[in-house]
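K.L.:
Pasting a structure here, questions to come.
The values are calculated or read from the model by the stated rules, or taken from the named source; none is laboratory data. Not measured: the values here are computed from a predicted model. Ideal geometry is used to build each Cβ from the backbone, glycine not excepted, and the neighbour counts take in all protein chains shown.
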There are 2 protein chains.
Amino acid sequence: MQSAPDIEKIAAWFQSLQQEITQGLELLDGKASFQSDIWQRAEGGGGDTRVIESGDILEKGGVNFSHVYGPMPEKIANRLQLTPGDTFHATGISLVIHPSHPLIPVIHMNLRFFLIPDTTYWFGGGIDVTPAYVFPEDAQWFHQYMADVCAPFGDWVYPEYKQACDRYFYLKHRDETRGIGGLFFDFLKPGERFQSLAEIWAFVQAVGKAFLSVYSELISRHRSAPFSEAQKEFQLWRRGRYVEFNLLYDKGTSFGLDTGGRTESILMSLPPVVEWKYNFIPEAGTAEAESMQYLKAIDWLGYTQ
Amino acid sequence: MQSAPDIEKIAAWFQSLQQEITQGLELLDGKASFQSDIWQRAEGGGGDTRVIESGDILEKGGVNFSHVYGPMPEKIANRLQLTPGDTFHATGISLVIHPSHPLIPVIHMNLRFFLIPDTTYWFGGGIDVTPAYVFPEDAQWFHQYMADVCAPFGDWVYPEYKQACDRYFYLKHRDETRGIGGLFFDFLKPGERFQSLAEIWAFVQAVGKAFLSVYSELISRHRSAPFSEAQKEFQLWRRGRYVEFNLLYDKGTSFGLDTGGRTESILMSLPPVVEWKYNFIPEAGTAEAESMQYLKAIDWLGYTQ
């Protein structure tokens, strides 16, 4: 890719990644299929919202692609401190998977590109994992995998985006991280950090291509393990935190809803079944209590048990 | 009450109302009891969070009293455009009941008083009803009851606070009201509308005293009706909208969490079990589809079927 970004090429790659990921997840699940909802935006562009429900592993999941464009709405312009009416493009892939098995974690990935032709552009996104039950060996494996993905792009990449992830996915009212973190980045354009568009694009693609390997591994580690009703209930309770984060703090959710995004595509991130219990605190010494102890910024690569 | 508000008297009345309401609800339920969680605030004051769970009718409910005071935290001062450090008092009662029976509505009431001695004070609050299944005859009865409560205080009271309620409990991203509305008011102090503190206080008390009669009637209308699994599922799905409203829009929730309120007392408003399904739209002609049609501002007192 040359110095001017090719929006069609970027969008086409995100769409091909959606296809690859949905096919891969269907194979992993073995029971349910993604249903595709193709939608159009009156002012320009549209998307393909793919949702899977009641699978063998995937209790509910969405893998969304969109490419919207047109004159920039005032609300978006104000938020981004740009000029209303300028032509903009936004394209990306966004996915959240809520597994039925309480030992398999929730996973989220988002890769996006924003462009105002001849003016500015940037990439953003990330990948992060939210287990109900935290297995330190899974967390270490996942973080090592993502550190390896980041390594070719510079020693600073993993630590910086790992810390940004811990900061972003944080529930202030609980003093808890949403899960065990991962990577989070935004406003990537050539400059001090990445020197070229080609480098950024290679990094974004590397993160996207990591998804299926990462989640296949996390699924295969736990899918055959038996689980109890009590573990399932703990999972439903932990999902409450996911809802609290997404509706109280997630900028993508509030920005999307506030700027007239497609409600059902945005809120597909919410879990299928959720429980709230007043003042529930897992009993000391249990696996549940131990899992809650890991909901903070942890240097997993330096972690020793 | 004379022209200077007596904070101790107001707080004591809210606390006695909490006692009356929790006793009344326990009698109605017949199975479960409220558990009281008495908490203190480091900077001054505290509260009594009373929660009931797994009742015969009351699947989850909270009736909270609090009276907090001390130097005004900067965050609260900024939000209210007041002076940080001035002594403030805030006292109130706040309740939400999530019934297990899908034909019995959720009910919410909040009455509160804010005071900066020798400077300013105001009352706020309201009562509103959120059915999964909307019965127009229930909605009419409830609105007539509240109109009768309002009538002694002026012809303007019911229409103004009824409209404010429809405006406040509105999910913009769904273009739906949260439920069938009720009353909503804020910043009540003697002025053009109410002429005296005594009048405002009598109005606030009248709303508070209405609660048990209103909810007893709504419960008794439906508690003996049989219901299906499908109706229960519709209720769990409708509860998703309650969560969306409270976490995305409710100012009390965001203000409370942001200013260091007690998280579990604030989030006791969230339902016990909730479902989200992608793009669920009730089939045309069903009771579920009809109920969704009522989620807008309706003049229930002038409504004819």
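K.L.:
For segment B:255-265, which residues satisfy the criterion of being over 22 Å from B:Lys172 (Cβ atoms) and either part of a helix (DSSP H, G or I) or of a type outside the set (Ser, Thr, Tyr) (or both)?
P.N.:
B:Gly260, B:Gly261, B:Arg262, B:Thr263, B:Glu264, B:Ser265, listed by residue number.
K.L.:
Taking only segment A:267-278 into account, find how many residues are facing chain B (nearest Cβ under 8 Å) and either assigned to a helix (DSSP H, G or I) or under 14 Å from A:Val51 (Cα atoms) (or both).
P.N.:
Number of matching residues: 5.
K.L.:
Where residues in segment B:279-305 are in a helix (DSSP H, G or I) and either within 11 Å of chain A (Cβ to nearest Cβ) or not acidic (Asp, Glu) (or both), which of them is surrounded by the most Cβ atoms within 10 Å (Cβ to Cβ)? Give the derivation first.
P.N.:
Restricting attention to segment B:279-305, the residues satisfying the condition of being in a helix (DSSP H, G or I) are B:287-293, B:300-302.
Among the residues that remain, those that are also either within 11 Å of chain A (Cβ to nearest Cβ) or not acidic (Asp, Glu) (or both) are: B:287, B:289, B:291-293, B:300-302.
Values: B:Ala287: 14, B:Ala289: 12, B:Ser291: 18, B:Met292: 16, B:Gln293: 10, B:Trp300: 20, B:Leu301: 14, B:Gly302: 7.
Out of the qualifying residues, it is B:Trp300.
K.L.:
Of the numbered conditions (1) out of contact with any helix residue (DSSP H, G or I) (no Cβ under 6 Å at 6 or more places or on another chain); (2) in a loop (DSSP other than H, G, I, E, B), A:Ala132 satisfies every one except a single condition; which is it?
P.N.:
Condition (1) is where A:Ala132 drops out.
K.L.:
OK, next. Taking the condition under 19 Å from B:Ile298 (Cβ atoms) and either away from chain A (no Cβ under 14 Å) or crowded, with 17+ Cβ neighbours inside 10 Å (or both), does B:Tyr121 pass?
P.N.:
No.
K.L.:
Now a separate question. Given the condition away from chain A (no Cβ under 14 Å) and aliphatic (A, V, I, L, M), answer yes or no: does some residue in segment B:235-244 qualify?
P.N.:
no
K.L.:
Let me confirm something: among B:Asp155, B:Asp166, B:Asp138, which residue is outside any helix (DSSP H, G or I) and either of a type outside the set (Ser, Thr, Tyr) or farther than 16 Å from B:Val204 by Cα (or both)?
P.N.:
B:Asp155
K.L.:
If you don't mind, another one. Would you please list the contacts, defined by Cβ atoms under 6 Å and residues six or more apart or on different chains, that run from a residue in segment B:25-49 that is among the β-branched types (Val, Ile, Thr) to a residue that is in a strand (DSSP E or B) and at pLDDT 95 or above?
P.N.:
Close Cβ pairs (under 6 Å, with a partner that is in a strand (DSSP E or B) and at pLDDT 95 or above) amount to B:Ile38/B:Asp48; B:Thr49/B:Asp37; B:Thr49/B:Asn64.
Conditions tested, residue by residue: (1) under 21 Å from the mean Cα position of the chain (by Cα); (2) of a type in the set (D, E, K, R); (3) surrounded by 15 or more Cβ atoms within 10 Å (Cβ to Cβ).
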residue	(1), (2), (3)
A:Gln15	yes, no, yes
A:Leu25	yes, no, yes
A:Leu28	yes, no, yes
A:Ser36	yes, no, no
A:Ala42	no, no, no
A:Gly47	yes, no, yes
A:Ile52	yes, no, yes
A:Glu59	yes, yes, yes
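K.L.:
Within segment B:198-254, which residues are part of a helix (DSSP H, G or I) and among the small types (Gly, Ala, Ser)?
P.N.:
To start, the set of residues in segment B:198-254 that are part of a helix (DSSP H, G or I) comprises B:198-222, B:229-248, B:251-254.
Once the filter is applied, which keeps residues that are part of a helix (DSSP H, G or I) and among the small types (Gly, Ala, Ser), segment B:198-254 yields B:Ala198, B:Ala202, B:Ala206, B:Gly208, B:Ala210, B:Ser213, B:Ser216, B:Ser220, B:Ala230, B:Gly240, B:Gly252, B:Ser254.
K.L.:
Take the residues of segment B:177-194 that are outside any strand (DSSP E or B) and at pLDDT 95 or above: which is nearest to B:Phe114 (Cα to Cα)?
P.N.:
Residue satisfying both the conditions and the ranking: B:Lys189.
K.L.:
Would you confirm whether any residue within segment B:83-99 is aliphatic (A, V, I, L, M), under 30 Å from B:Pro282 (Cβ atoms), at pLDDT 95 or above and in contact with a helix residue (DSSP H, G or I) (Cβ under 6 Å, 6 or more places away or on another chain)?
P.N.:
yes
K.L.:
Taking the residues in segment B:251-266 that are touching a His at 6+ places or on another chain (Cβ under 9 Å) and facing another protein chain (nearest Cβ under 7 Å) as candidates, determine which candidate is surrounded by the most Cβ atoms within 10 Å (Cβ to Cβ).
P.N.:
Taking the candidates together, the pick is B:Leu257.
K.L.:
Given the conditions (1) more than 30 Å from B:Arg239 (Cα to Cα); (2) touching a residue at least 60 places away in the same chain (Cβ under 8 Å), report the number of the one that B:Glu192 does not fulfil.
P.N.:
Of (1) more than 30 Å from B:Arg239 (Cα to Cα); (2) touching a residue at least 60 places away in the same chain (Cβ under 8 Å), only one is false for B:Glu192: (2).
K.L.:
How many residues does segment B:145-180 hold that are more than 30 Å from A:Asp258 (Cα to Cα) and either surrounded by fewer than 18 Cβ atoms within 10 Å (Cβ to Cβ) or not hydroxyl-bearing (Ser, Thr, Tyr) (or both)?
P.N.:
Summing the residues that are more than 30 Å from A:Asp258 (Cα to Cα) and either surrounded by fewer than 18 Cβ atoms within 10 Å (Cβ to Cβ) or not hydroxyl-bearing (Ser, Thr, Tyr) (or both) in segment B:145-180 gives 13.
K.L.:
Quick check, is A:Phe211 modelled with pLDDT of 95 or more, away from chain B (no Cβ under 14 Å), in contact with a Pro (Cβ under 7 Å, 6 or more places away or on another chain) and under 23 Å from A:Lys31 (Cα atoms)? Let's see the steps before the verdict.
P.N.:
Working: modelled with pLDDT of 95 or more: yes; away from chain B (no Cβ under 14 Å): yes; in contact with a Pro (Cβ under 7 Å, 6 or more places away or on another chain): no; under 23 Å from A:Lys31 (Cα atoms): yes.
Answer is no for this residue.
K.L.:
Where the second residue is assigned to a loop (DSSP other than H, G, I, E, B) and at pLDDT below 95 and the first is surrounded by 21 or more Cβ atoms within 10 Å (Cβ to Cβ) and lies in segment B:84-105, which pairs have Cβ atoms under 8 Å and are six or more apart or on separate chains?
P.N.:
B:Phe88/B:Met72; B:Phe88/B:Leu82; B:His89/B:Pro117
K.L.:
Let me ask something else. Could you tell me how many of the residues in segment B:198-238 are among the hydroxyl-bearing types (Ser, Thr, Tyr), surrounded by 14 or more Cβ atoms within 10 Å (Cβ to Cβ) and more than 24 Å from B:Ile10 (Cα to Cα)?
P.N.:
Counting residues in segment B:198-238 that are among the hydroxyl-bearing types (Ser, Thr, Tyr), surrounded by 14 or more Cβ atoms within 10 Å (Cβ to Cβ) and more than 24 Å from B:Ile10 (Cα to Cα) gives 1.
K.L.:
Additional query: Exactly one of these conditions fails for B:Leu247: (1) under 27 Å from B:Asp29 (Cα atoms); (2) within 8 Å of another protein chain (Cβ to nearest Cβ). Give me its number.
P.N.:
Checking B:Leu247 against (1) under 27 Å from B:Asp29 (Cα atoms); (2) within 8 Å of another protein chain (Cβ to nearest Cβ), the one that fails is (1).
K.L.:
For segment B:1-53, which positions are basic (Lys, Arg) and out of contact with any helix residue (DSSP H, G or I) (no Cβ under 6 Å at 6 or more places or on another chain)?
P.N.:
First pass over segment B:1-53, keeping only residues basic (Lys, Arg): B:9, B:31, B:41, B:50.
Across segment B:1-53, the qualifying residues are B:Lys9, B:Lys31, B:Arg41.
K.L.:
Kindly provide the set of residues from segment B:254-305 that are out of contact with any Phe, Trp or Tyr (no Cβ under 9 Å at 6 or more places or on another chain), under 24 Å from A:Leu236 (Cα atoms) and not hydrophobic (A, V, I, L, M, F, W, C), ordered by number.
P.N.:
Within segment B:254-305, B:Ser254, B:Thr263, B:Tyr278, B:Asn279 meet the criteria.
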